[in-house]
Amino acid sequence: MVVKSERVLNVWAFSRRHSFFLLIILAASVYAALAPRFYVGYFGDDARDILAARSLLHGSYSDWQQPSHPPLNFPLPGFPLLLAPWTALLVRALGWLRLIPILSTLGSLFFLRKLFEPHFSTSAAFSACMALFAFNPATLAYSTFVISDASYLFFMAWVLVLYCDEPQPQTGGKKWLLGGALACVALLRPEGMILMLAIFMARLSERHWKSAVVALSLPGIGLGSWFLRNVKATGTISGYSSLWAEAFTFLRAGFWPWFSYEKELGQKLFLDLILGISMPVVGSFQAALASVIVLLVIVVLARGIWRTAHVAEVPRWFLVTSLYTCGHLLLHAVWPAADPHYLWPLLPFLLFFIVQGASRGMLWIMAALYLWQGMYALNAVFQKAATNQLPAKTLAWIATETPKDSYFLAPNASLITLYTGRCALALIRARNAEDFYGQLQHRGITHILVMPPRFLYLHQANGPSPEKAWWRIALTASLTPAKYAALYQDSTEQSLVYRVKK
């Protein structure tokens, strides 16, 4: 009995000493298990970035979805550059590209440990913070999606570690390494420019003039070169210009539309992201409950920030992350698209303050919510839900049975180009059936692919449902045989392919 008790104590002591590395092993296992949940290309952005990476390998940054392959000025080239060598090696095994976000997320955990661990009063609080981030439902998702989020967080955390490691940056070469890492961040996501300015302002406040100039100049050179290339190749600074125009149109719509959007953004941040709750706010009771929960989280968060700001040794990254968080939230307060993945890079720092300000009971509730969401996601993988299966037969038919110069109208245009090599366009707007046919002719569309909503990843906050729009297209094509010819139908994948007659 004594021997057994000693073994239990030894195991407990070992787990406490090596809790972080056990966390890494468990997180890596869960991420690997969740990796097949969605096929590569399911979200559109992943297919788009892989296609951009392939174009870089051919010596340009071009839009392979359009027949003329015009130059791309959107998205930023950082993530396609990171993907490029791996896409060359994994032409027929795109699933292995998920290793990039998985390893980036795990690497972020090592950097976050260096930032966070010295500022927790107990090892249990530190372990709780790291576990909550590692197994947050959003982290479980973005650690396996082939999009820029995980890589952006990796470089962002690295920048903060470099900033904290060099309190006297006027000597040594770390200021140049910091500037180079900032350039990577700025070329990965637009929010990277906010981090660049936050580091610059923090260095100015510390009167480290040379480091401040380097922090601004290296990423500035990278972004400036990119913008000049865009102006020369496309006539515009960036594809984000049109999105900013849409943002200003959104702001001019009036106070109440803006206020409704801010409420949605708050729900995405405090419910979806921090608590992992997807709560449909469809009635007064649900709205009141959501408001109470959001206010509770804000109070706990404010308490944690207050405690962190009033300790004897305030974290060196506190000023930078405060400036960055304000800028990040201000940007998305006017950006006309609320999605948790835009806010995910803020999550580890928000959870740091949550753990500092929350009671043990609240942390256990959060852990239970995360566990439930994680088990739901794992169950979807093990059940091999139809919504997560690549429509392989339809894509294979398109790749082998349609001319190489075909131009498709398809719900997920990037997916079609990625797996078939055919050019593709997303949904176009038309006043009626005649206008729709005329636009197809004008744009040179030769084929239409219609698939059920379960194969679509389309989000539209306002206006008609995209899924209904696609079914209207199918109905129009089926009722107009003089203009559309049915070529292919798969009852399992529920796909329809039409040829547009001239």
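The values are calculated or read from the model by the stated rules, or taken from the named source; none is laboratory data. Everything numeric in this text was worked out from a predicted model, so none of it was measured. Here the Cβ positions follow ideal geometry from the backbone for every residue, glycine too, while neighbour counts run over all protein chains shown. Side chains are part of the model used for accessible areas, which takes the heavy atoms of the whole protein and leaves out ligands, DNA and RNA. Shrake-Rupley method; radii C 1.70, N 1.55, O 1.52, S 1.80 Å.
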message = For the range 19-174, what does the accessible surface come to per residue with a 1.4 Å probe? Please give it in Å².
response = 38 Å²
task = Mind pulling the angle between the C-alpha long axis of helix 45-57 and the longest principal axis of the chain? Nearest 10 degrees, somewhere in 0 to 90.
result = 80 degrees
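Taking only protein heavy atoms and a 1.4 Å probe, what accessible area per residue, in Å², does the range 345-435 have with all protein chains in place?
Details: 4470 Å² over 91 residues.
On a per-residue basis, 49 Å².
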ask   = Using alpha-carbon positions, what is the distance between the centroids of the range 332-392 and the range 198-239, in Å?
value = 32 Å
remark   = Mean shadow area (nm²) of the C-alpha convex hull around the chain is 28.7 nm²
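Once you order the gyration tensor axes a ≥ b ≥ c over the Cα atoms, which shape class does the range 122-205 get: rounded for a/c under 1.5, otherwise prolate or oblate by comparing a/b with b/c? Mind showing how you got there, number by number?
On the way: a/c = 2.55, a/b = 1.41, b/c = 1.80.
Note, shape of the range 122-205 comes out oblate.
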ask   = Cα convex hull of the range 234-336: how many Å³ per residue?
value = 145 Å³
note = Sorted on mean Cβ neighbours within 10 Å (highest first), peptides 265-275, 205-215, 129-139 come out as 129-139, 265-275, 205-215
query = Quick one: putting +1 on the C-beta of Lys and Arg, -1 on the C-beta of Asp and Glu, what dipole do you get for the chain around its Cα centre, in Debye to the nearest 20?
reply = 360 debye
inquiry  = Viscosity 0.692 mPa s, temperature 37 °C: give me the Stokes-Einstein translational D for the range 56-210 in µm²/s, with Rh taken as the Kirkwood radius over C-alpha pairs.
reply    = 187 µm²/s
task = Would you please report the Å³ per residue occupied by the convex hull of the alpha carbon atoms in the range 136-274?
result = 153 Å³
request  = Specify the angular offset, from 0 to 90 degrees and rounded to the nearest 10, of the alpha carbon long axis of helix 19-34 from the longest principal axis of the alpha carbons in the chain.
outcome  = 10 degrees
query = Given LEU22, PRO257, ALA150, which one lies farthest toward the positive end of the charge dipole of the chain, if we put +1 on the Cβ of every Lys and Arg and -1 on the Cβ of every Asp and Glu?
reply = LEU22
task = Would you kindly calculate the mean projected area, averaged across all directions, of the convex hull enclosing the Cα atoms of the range 84-151, in square nanometres?
result = 5.0 nm²
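Take every Cα-Cα pair in the range 51-93 and report what % of them are more than 13 Å apart. The partial results should precede the final answer.
Values: 449 of 903 pairs.
The answer is 50 percent, as a whole percent.
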query = Gain in length, MET362 to LYS404, computed as 0.36 nm per residue apart minus the alpha-carbon separation, to one decimal in nm?
reply = 9.4 nm
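Taking loop as defined by DSSP and a crowding limit of 11 other beta carbons within 10 Å, which GluC sites (Glu not before Pro) in the range 259-321 fit? Mind dumping the intermediate values first?
Values: sites: GLU262, GLU264, GLU313; in loops: GLU313.
Answer in residue order: GLU313.
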key: Where only alpha carbons of the range 317-412 are counted, the Rg and the Dmax (Å)   = 21.6, 63
task = Report, please, the projected area of the range 174-213 averaged over directions, based on the convex hull of its C-alpha atoms, in nm².
result = 2.4 nm²
note = In terms of the charge dipole of the chain, which places +1 on Lys and Arg and -1 on Asp and Glu at the beta carbon, the residue among GLY41, PRO190, LEU363 farthest towards the positive end is GLY41
query = On a 0 to 90 degree scale, rounded to 10, what angle separates helix 123-134 from the longest Cα axis of the chain?
reply = 0 degrees
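For the chain, what % of the accessible area comes from carbon and sulfur atoms, probe 1.4 Å?
Details: 16170 of 24540 Å².
Of the solvent-accessible surface of the chain, carbon and sulfur hold 66 percent.
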inquiry  = Can you tell me, using C-alpha contacts under 8 Å and at least 6 residues apart, the relative contact order of the range 307-437 as a whole percent?
reply    = 13 percent
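Where does the range 34-131 land on the Kirkwood hydrodynamic radius, alpha-carbon pairs, in angstrom? Please report the intermediate quantities before stating the final value.
Working: mean 1/r = 0.0635 Å⁻¹.
The Cα-based Kirkwood calculation yields 15.7 Å.
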query = For the range 211-260, what is Rg from Cα atoms divided by 2.2 N^0.38 Å, rounded to two decimals?
reply = 1.67
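Using the per-residue mean of other Cβ atoms lying within 10 Å as a proxy for protection, in what order, highest first, do the peptides 75-88, 38-51 fall? If you can, show how the numbers build up before the last one.
Values: 75-88: 19.6, 38-51: 21.9.
In descending order of packing, they fall as 38-51, 75-88.
Viscosity 1.567 mPa s, temperature 4 °C: give me the Stokes-Einstein translational D for the range 254-312 in µm²/s, with Rh taken as the Kirkwood radius over C-alpha pairs. Walk me through the numbers on the way to the answer.
On the way: Rh = 12.7 Å.
Using the Kirkwood radius from Cα pairs, D works out to 102 µm²/s.
Please tell me the relative contact order of the chain in percent, rounded to the nearest whole number, where contacts are Cα pairs under 8 Å and at least six residues apart. Can you show the working numbers first?
Numbers: 641 pairs, mean separation 83.6, N = 502.
After rounding, I find 17 percent.
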